[in-house]
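Working notes, beginning with the structure itself.
The values are calculated or read from the model by the stated rules, or taken from the named source; none is laboratory data. All values reported here derive from a predicted model rather than from experimental measurement. Here Cβ is always computed from backbone atoms with ideal geometry, including for glycine, and neighbour counts include all displayed protein chains. These accessible areas exclude ligands, DNA and RNA; they are computed on the full protein's heavy atoms, side chains included. Shrake-Rupley method; radii C 1.70, N 1.55, O 1.52, S 1.80 Å.
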Amino acid sequence: MSAAPITPATVPRMGTGFRMQWEPVQNAHVLLYPEGMVKLNPSAGEIMKRCDGQRDIAAIVADLEAAFQAQGLQGDVIGFVELAGQQRWLVWD
Amino acid sequence: MSDPTKPQVGHPLWLLAELTYRCPLHCVFCYNPVDFATQEQELSTEDWLRVLRQGREMGAVQLGLSGGEPLLRDDLEVIVAEARRLGYYTNLLTSGVGLTPARAKALKDAGLDHVQLSFQDSTREMNDFLSHTKTFELKNKVAKIIKDQGWPMVMNVVIHRMNIDHMDRIIAMAHEMGAEYVELANTQYYSWAYVNREQLLPTHEQLKRAEAITDAWRAKLGDTMKLFYVAPDYHEGKAKKCVNGWGNMFLTVVPDGTAVPCHTAKMLPGLAFPNVKAMSLREIWYESEGFNRYRGTGWMKEPCASCEHKEEDLGGCRCQAYMIANDPAAADPVCRFSPEHHKVVEAVARAEALATSQAGQTVKEFPLVFRDPASSRRLSAAQTAPATETTP
């Protein structure tokens, strides 16, 4: 379950039944789930697509900071993953 | 936009494919048209695959496969496989009858994303009675088959006067079965449910209790099981934004290939809906009269036209306006501002009176009309005036 607190070593993965894909018509990543859909904003899309069940938060943050030449993204990433966990978009052990 | 009454037409996000009206169940609240037995034509596999491709090109991303019972189509796996390949999120809406472990595996292999299993009630007697078959044990078995394939467990229970007092047990059963999403949907009064309306409408008292029970379970279960409670519009005095706006997000194709903005829209008079065999989905969505007629707010009459809530509910449901006010362009009579609202209030009052007089009787004595081909042929032959009120 997603109740465990998030640390840099947490490895988030897509929740059961959720699928993310790029939709050209909407010009956005969308998250699909049983009978529903969420259109993700660009930063949410960038975080989500790195939550592959392989990388931990530290690696995701490093990757994002390199890709967008930014610093100090860990707080934002953890904040989003926490929110996504409440919605069950993401789960971790 | 230069003309604020001319709606900007978005793209369809949801494609609902009603693959067949055939069904092993005979539910008294079924949303299929009452004359389904006179519409036996079904699209071919090729037709459906073309519809899927056209829908996806337009941006549709959620696909509902429903019916009738969609498992009765032998080509369901072919349809699912193509849908998944095209990038749809594929939802199968089923009674579970016909979902064997082998079929479930074949559908999983074809890429089916999710199965929504409908339950009529928590007790076997009530479930079998309402669906007119012996299906309750089967549904429990099917729930396990769904879990075994790793699909999220999504349950749908249609709520009405005869099962609403079992709300606590319904939710408890869903929890025991490991359901992750449960939709407790108050009956919407169209089609068969409209025929049986006086027997199905719950009382205000029952609704209050049911909502309190649902809230208590929500507090107890937190995020582990999501409970969606769909409030009944007859009791609320408030119209719903039906299908999220006419021709705004949903595109439904019924078994014979007619394309409609919602699955009951075919009942509306003076409105031609195209068939996917004769026209592309793009033309249907953007050009057809049927899809354009009630888009936006430009078509509205009073009291909707000058109402401050018109953007919120878009005048409510066109079918309900037709069924109750005998005018598809009228305000939805469930709305307290509708001049016909008294008809809805009276229907609820009649149901309340009937519920009181029936207290202590067994449900078997209710004069319910079951959804079956014989009743369907009888009702379609008898269909003269659409807004005939059923009186007890």
Inter-residue pairs, beta-carbon under 8 Å, first farther than 12 Å from B:Val154 by Cα and in the range B:84-97, second among the aromatic types (Phe, Trp, Tyr) and outside any helix (DSSP H, G or I), 6+ apart: B:Tyr89/A:Tyr33
Subset of the range A:14-57 [closer than 28 Å to B:Lys147 by Cα, away from every other protein chain (no Cβ under 14 Å) and under 10 Å from the mean Cα position of the chain (by Cα)]: A:Met48, A:Lys49, A:Arg50, A:Cys51, A:Asp52
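Restricting the range B:78-122 to residues that are within 12 Å of chain A (Cβ to nearest Cβ) and charged (D, E, K, R), which is least open to solvent (accessible area, probe 1.4 Å)? Full working, then the answer.
Initial filter on the range B:78-122 (within 12 Å of chain A (Cβ to nearest Cβ)): B:84, B:86-93, B:111-117.
Pick out the ones that are also charged (D, E, K, R) and you get B:84, B:113.
Details: B:Arg84: 78, B:Asp113: 25 Å².
So the residue we want is B:Asp113.
Mind counting the residues in the range A:49-64 that are touching a Leu at 6+ places or on another chain (Cβ under 8 Å) and either at pLDDT below 95 or closer than 10 Å to A:Pro8 by Cα (or both)? Full working, then the answer.
Applying the first criterion (touching a Leu at 6+ places or on another chain (Cβ under 8 Å)) to the range A:49-64 yields A:50-51, A:61, A:64.
Keeping just the survivors that are either at pLDDT below 95 or closer than 10 Å to A:Pro8 by Cα (or both) gives A:61.
Total satisfying the criteria: 1.
Which residue is farthest from the other protein chains (Cβ to nearest Cβ), if the candidates are limited to the range B:41-64 and must be of a type in the set (Val, Ile, Thr) and in a helix (DSSP H, G or I)?
Going through the range B:41-64, the residues of a type in the set (Val, Ile, Thr) turn out to be B:45, B:51, B:61.
If we keep only those that are in a helix (DSSP H, G or I) too, we end up with B:45, B:51.
On the way: B:Thr45: 24, B:Val51: 17 Å.
Here the answer is B:Thr45.
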When residues of the range A:66-91 are limited to those that are within 14 Å of chain B (Cβ to nearest Cβ), over 9 Å from the mean Cα position of the chain (by Cα) and not in a helix (DSSP H, G or I), the one farthest from A:Gly36 (Cα to Cα): A:Val91
Among (1) more than 20 Å from A:Glu35 (Cβ to Cβ); (2) at pLDDT below 95, the one test that B:Gly68 misses: (1)
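Suppose we keep only residues that are at pLDDT 90 or above and outside any strand (DSSP E or B) within the range B:150-160. Which one would you say is most open to solvent (accessible area, probe 1.4 Å)? Outline the logic, then answer.
Here is the first cut: in the range B:150-160, the residues at pLDDT 90 or above are B:150-151, B:154-160.
Next cut, outside any strand (DSSP E or B) only: B:150-151, B:160.
Values: B:Gly150: 40, B:Trp151: 7, B:His160: 0 Å².
Looking at the filtered set, the residue picked out is B:Gly150.
Please verify whether A:Pro8 is away from chain B (no Cβ under 14 Å) and open to solvent by less than 30 Å² (accessible area, probe 1.4 Å), treating the condition exactly as stated. Step through it out loud before you land on a result.
Values: away from chain B (no Cβ under 14 Å): yes; open to solvent by less than 30 Å² (accessible area, probe 1.4 Å): no.
Spelling it out, it is not the case that A:Pro8 is away from chain B (no Cβ under 14 Å) and open to solvent by less than 30 Å² (accessible area, probe 1.4 Å).
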Tally of residues being in a loop (DSSP other than H, G, I, E, B) and open to solvent by 40 Å² or more (accessible area, probe 1.4 Å) across the range A:11-57: 12
Hits in the range B:174-209 - residues which are part of a loop (DSSP other than H, G, I, E, B), open to solvent by 10 Å² or more (accessible area, probe 1.4 Å) and within 14 Å of chain A (Cβ to nearest Cβ): B:Gly178, B:Glu180
Filtered residues of the range B:143-173 (kept if farther than 21 Å from A:Glu35 by Cβ and either within 14 Å of chain A (Cβ to nearest Cβ) or hydroxyl-bearing (Ser, Thr, Tyr) (or both)): B:Asp148
Where a residue in the range B:184-206 is under 24 Å from B:Lys226 (Cα atoms) and its partner, wherever it lies, is of a type in the set (D, E, K, R), with Cβ under 7 Å and at least six apart: B:Pro202/B:Arg161; B:Gln206/B:Arg161; B:Gln206/B:Asp165
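Just to confirm my filter: which helices (runs of 4 or more DSSP H) fall fully inside the range B:249-319 and include at least 1 residues that are of a type outside the set (Lys, Arg) and farther than 16 Å from B:Met58 by Cα?
Once the helices (runs of 4 or more DSSP H) in the range B:249-319 are filtered for at least 1 residues that are of a type outside the set (Lys, Arg) and farther than 16 Å from B:Met58 by Cα, what remains is B:289-292, B:310-313.
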Those residues of the range B:134-181 which are among the small types (Gly, Ala, Ser), out of contact with any Ser or Thr (no Cβ under 8 Å at 6 or more places or on another chain) and within 27 Å of B:Leu200 (Cα to Cα), in sequence order: B:Ala143, B:Ala174, B:Ala179
Selection from the range B:292-327 of residues that are small (Gly, Ala, Ser) and surrounded by fewer than 17 Cβ atoms within 10 Å (Cβ to Cβ): B:Gly298, B:Ala305, B:Ser306
